[in-house]
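The values are calculated or read from the model by the stated rules, or taken from the named source; none is laboratory data. A quick note: this is a predicted structure, and the numbers were derived from the prediction, not measured. Cβ placement follows ideal geometry from the backbone for every residue including glycine, while neighbour counts extend to all protein chains displayed. Just the protein is used for accessible areas: all its heavy atoms, side chains included, with ligands, DNA and RNA removed. Shrake-Rupley method; radii C 1.70, N 1.55, O 1.52, S 1.80 Å.
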Amino acid sequence: MTASEGLNLLTALGVNVLVLDADTVTLTLTGSRIIARVHVRRSPPSRWDIQRDVESGRSRDPTPDILLYVVPKASVGLADVALADSGIAVVSLQDGVVILVGKRVEDTLRGALSSDRGSGAGRGRVAWGRLALLRVLLRTSGPRTQMDLAAECGVSQVTVSNGLRAFDTAVVRDEGGWRAARPETLWDRFLAEYPGPQGISTYWLSLDAIVSQAQKVRDAAAELDVIVSGDPAADLLAPWRLVRRAVIYARTGMDLAPFGFSETTRENATLEYVVPTDPTIWSTARAWTSVVSGWTADPVLVAWDVQRTGGPDAADAVERMRRTVLDGLLP
């Protein structure tokens, strides 16, 4: 269960959603914009949980107008709170119930929206540093110190040390530092364990060529430190399959409508715009800048995004990326 599933439901109901950061959005309702802090819960929050979240929200910038809870199924208590307090909103995914500004909206599109679940989403704190370490260890066969690996991952040396211990015999320590002894194990482990970037995604449709769409967004949002992943990045690194969808990672949200895009649902999208929770995406991309253009995600994350996008040729495209990285074919 992800925040994006709840926001997809709001979009399908005609609510305009603009992402500000990994847990904050603006919702346009009847011409008014409301800042919402999104909380994803595996079970409905208690009144004490809600009060704690309200107090926490007051200490952050921007201060939210409402708290938006995305839950599998809203309890009677949570629904009552949201109906009585316009500062609390609810999106209930299993039954498609939405409560906004004290009013209940029954979803007639129940079941029409696909899920975008990562394998580890909602299971507690994600070890982003360890997952980044899996990727950067594949960048070169040469040994590197823990300090070098930490810089490439954008995490502390302690995090790297703990991560290396968790990899057992897949990594070894040489005189010059640490290197991947079984890179294929690290590759497979990342693709199997990565829960997705989490945060918030919005989905967009354009009739332009996919690569042109990614370039247009990159040009328009250059100040947002945009990184391109998915099919356009794979086409640059190891051309193989028909380009179907671009993935854009950015620090903050952006309305793409002025640039010729229409907001849509996940299954119809040609471009996914992600404000991720994963803080390591930019660090690992920078580590690979001698290999790629400097504006694409690292090749391992690109392969994961291609796998997630799917399609009849996705497995072959991921395998081609795998051979390109593991065989050291990238310069």
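Things to note:
- Hits in the range 14-34 - residues which are closer than 25 Å to Gly77 by Cα and open to solvent by 40 Å² or more (accessible area, probe 1.4 Å): Asp23
- The condition of being under 28 Å from Asp327 (Cα atoms) and open to solvent by less than 60 Å² (accessible area, probe 1.4 Å) holds for only one of Ser229, Ser201, Ser206, that being Ser229.
- Filter result for Leu242 (touching a residue at least 12 places away in the same chain (Cβ under 8 Å), surrounded by 16 or more Cβ atoms within 10 Å (Cβ to Cβ) and of a type outside the set (Asp, Glu)): no
- Yes/no for Arg52 being touching a helix residue (DSSP H, G or I) at 6+ places or on another chain (Cβ under 8 Å), within 17 Å of Asp85 (Cβ to Cβ), surrounded by fewer than 20 Cβ atoms within 10 Å (Cβ to Cβ) and of a type outside the set (Ser, Thr, Tyr): no
- Unique match (being under 19 Å from the mean Cα position of the chain (by Cα) and either over 28 Å from Tyr249 (Cβ atoms) or surrounded by fewer than 18 Cβ atoms within 10 Å (Cβ to Cβ) (or both)) among Arg47, Arg58, Arg41: Arg41
- Residues in the range 133-189 that are more than 25 Å from the chain's Cα centre (by Cα), at positive phi and not acidic (Asp, Glu): 1 in all.
- Among residues of the range 211-222, those that are under 10 Å from Ala246 (Cβ atoms) and either polar (S, T, N, Q) or open to solvent by less than 20 Å² (accessible area, probe 1.4 Å) (or both), counted: 5
- Residue in the range 178-197 that is farthest from Met321 (Cα to Cα), counting only those that are open to solvent by 60 Å² or more (accessible area, probe 1.4 Å), touching a residue at least 60 places away in the same chain (Cβ under 8 Å) and not aliphatic (A, V, I, L, M): Glu193
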